[in-house]
Amino acid sequence: MSAARDPFRERVRRFCQLAPEDRGLVLQGVVFLSLTTIGLRTMNFRRCRELIERFSFSGPPSQRIETSSQMECGKRIVAAMHAVERNSPWRANCLERSLALWWFLRLNHIDGELHIGARKNESRFEAHAWVEWNGYVVNDNPDVHEHYARFDAPIAAAEADFR
């Protein structure tokens with residue numbers, strides 16, 4: 001069987017062609033997505049988010065000034081997470097993917113914002129999660145705001161107001 005016909009071999013070949021730093025990011029992305037998926041499936045969203053916040057950095061806004069090296073790191077993290085999502089053996093939902101990306105960015109001192117929006121589709125209520133960074137949607141279509149009514153504040157900030 002040729003490598004072109006064997007999807008697993010093709011994925012391994014593409015992975016091996018990545019720069020060592022990018023391979024590391026992809027492997028970390030696998031860990032974050034796996035842990036986030038397990039966390040959301042074994043505990044509620046609030047508890048999972050609180051654990052992520054406890055084990056990641058997010059300083060006051062004055063400490064979160066993003067340099068060009070952080071911008072490059074953020075772009076590479078987003079690309080790595082897209083690769084993980086495309087090649088994962090299971091289909092993570094939008095909340096699992098977005099929470100994992102948000103966590104990954106936070107651990108690298110990059111201030112992404114987790115957002116959730118909702119819409120009514122015929123008689124069904126639908127919700128969707130995505131991450132924004134510097135005002136741009138980074139893990140979904142840029143026009144996601146046209147399809148879902150975004151809650152006013154990022155989820156972490158909104159829940160902090162209720163404490």
Calculate the spin-label point distance for Arg9 paired with Asp152, positioning each point 7 Å from the Cα along the beta-carbon direction, and give it in nanometres.
5.8 nm
Given points 7 Å out from each Cα along the Cα-Cβ axis, report the Thr42 to Asn87 separation in nanometres with one decimal.
2.6 nm
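If you count, for each residue, the other Cβ atoms within 10 Å and average over each peptide, how do 8-20, 71-83 line up from highest to lowest?
71-83, 8-20
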Highest mean first, what order results for 102-108, 88-94 on Cβ atoms within 10 Å?
102-108, 88-94
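If packing is taken as the average number of other Cβ atoms within 10 Å across a peptide's residues, how do 39-45, 95-101, 114-120, 26-32 rank, most packed first?
Those peptides, ordered most packed to least, come out 95-101, 26-32, 114-120, 39-45.
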With a Förster distance of 22 angstrom and the Cβ-Cβ distance between Leu107 and Val137, calculated FRET efficiency to the nearest 0.05 equals 0.60
Cα gyration tensor of the range 7-161, axes a ≥ b ≥ c as square roots of the eigenvalues: rounded (a/c below 1.5), prolate (a/b > b/c) or oblate?
oblate
For the pair Leu27 and Gln70, the simple spin-label estimate (label points 7 Å beyond Cα toward Cβ) gives in nm 2.7 nm
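Quick note: the coordinates plus some simple rules give every number you see, no bench work behind them. Model, not experiment: these values are computed from the prediction. Cβ: placed from backbone, ideal geometry, glycine included. Neighbour counts: every protein chain shown.
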